[in-house]
Amino acid sequence: MEISLLSNINNPLLCHYIKEFSKQNIRINSVLLDSKKYSDKDLKIFYERTGGSFSNISLYDLAEYKIPFYFVKNHSDDLTVEIVKKKNIDLLINAGTPRILKSNILKSPNIGILNCHPGILPEYRGCTCVEWSIYNDDPVGNTVHFMVESIDEGPIVLKQSLNFKKFDTYSDIRTKVYKGSIELMVEAIKKIINENLSYNSFNNQTAGNYYHVIPDDKMKIVLDKINNGQYKYQF
């Protein structure tokens, strides 16, 4: 199966995706890098959330994997579609695209584009779903699904809830979610490969809830709940 990653040059998780995929014997055909970099604000949020738990790996450290990198202006432009078609890509993996993908790229791979959303779908679509789940005392987890034009919709391949320890901090929880997302993506890809599945093998999502960025006053409640070990799924 031909697999390619969608990301950008300064995505802090891209190298971790590549290393884990290689460790799990999932061959990466190529990486398509969008010209839009993560902003300083986005990177600050990531590092604040994870507390430095992810080592800073350079793409140059991965030269041994001999993976071709392609630089495109936009993941939804004609050049990206052309590369995907020419390389006969079966699965595109969202490993940090900075774009809301359009129909042309969504339809370009033979099977589809997989995304791992940090929330249990369809109940938790949208933004800061980890925080909203804790605020509501619902399970925190990840969902791998095929991408469609509507945000966080599309057929679900796998989903997994996570449990946490009483002494886990906010950064511990967020780190476990990020690491879990890569691990769940590996499981989803292996499932598709081993069972010879396609987009149509999975059911469309039912109606769900969309969340906007959690406000500061509710975020404070979330942090207090975690720090006091009072989140329902801290054991």
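The values are calculated or read from the model by the stated rules, or taken from the named source; none is laboratory data. In this text, all values refer to a predicted model and were calculated from it rather than measured experimentally. Every residue, glycine as well, gets a Cβ built from its backbone with ideal geometry; the counts of neighbours run over all protein chains shown. These accessible areas exclude ligands, DNA and RNA; they are computed on the full protein's heavy atoms, side chains included. Shrake-Rupley method; radii C 1.70, N 1.55, O 1.52, S 1.80 Å.
Where in region 21-134 are the helices (runs of 4 or more DSSP H), entirely inside, with at least 3 residues that are β-branched (Val, Ile, Thr)?
Here the list reads 78-86.
Quick one: how many residues across region 156-188 are open to solvent by 10 Å² or more (accessible area, probe 1.4 Å), assigned to a strand (DSSP E or B) and over 14 Å from residue 116 (Cα atoms)?
1
Could you tell me how many of the residues in region 13-46 are over 18 Å from residue 65 (Cα atoms) and open to solvent by less than 40 Å² (accessible area, probe 1.4 Å)?
3
So residue 112 ticks every box in (1) touching a strand residue (DSSP E or B) at 6+ places or on another chain (Cβ under 6 Å); (2) more than 20 Å from residue 181 (Cα to Cα) but one. Which box is left unticked?
Single failed check for residue 112: (2).
Which pairs turn up if I take residues in region 189-218 that are surrounded by 13 or more Cβ atoms within 10 Å (Cβ to Cβ) and look for partners that are of a type in the set (Asp, Glu) and not in a helix (DSSP H, G or I) with beta carbon separation below 6 Å, at least 6 apart in sequence or on another chain?
Here the result reads 205/153; 208/123; 209/123, each pair linking region 189-218 to a residue that is of a type in the set (Asp, Glu) and not in a helix (DSSP H, G or I).
Looking at region 189-212 only, could you name the residues that are in a helix (DSSP H, G or I) and either among the small types (Gly, Ala, Ser) or in contact with a Gly (Cβ under 9 Å, 6 or more places away or on another chain) (or both)?
199, 201, listed by residue number.
Considering only region 7-20, how many residues are part of a helix (DSSP H, G or I) and closer than 19 Å to residue 188 by Cβ?
6
Which residue out of 92, 101 is among the aliphatic types (A, V, I, L, M) and either open to solvent by 30 Å² or more (accessible area, probe 1.4 Å) or out of contact with any strand residue (DSSP E or B) (no Cβ under 6 Å at 6 or more places or on another chain) (or both)?
101
Quick one: what pairs do we get from region 73-93, first residue at negative phi, second open to solvent by less than 40 Å² (accessible area, probe 1.4 Å) and aromatic (Phe, Trp, Tyr), C-beta under 8 Å, 6+ apart or different chains?
Listed by first residue and then by second, the contacts come to 93/17.
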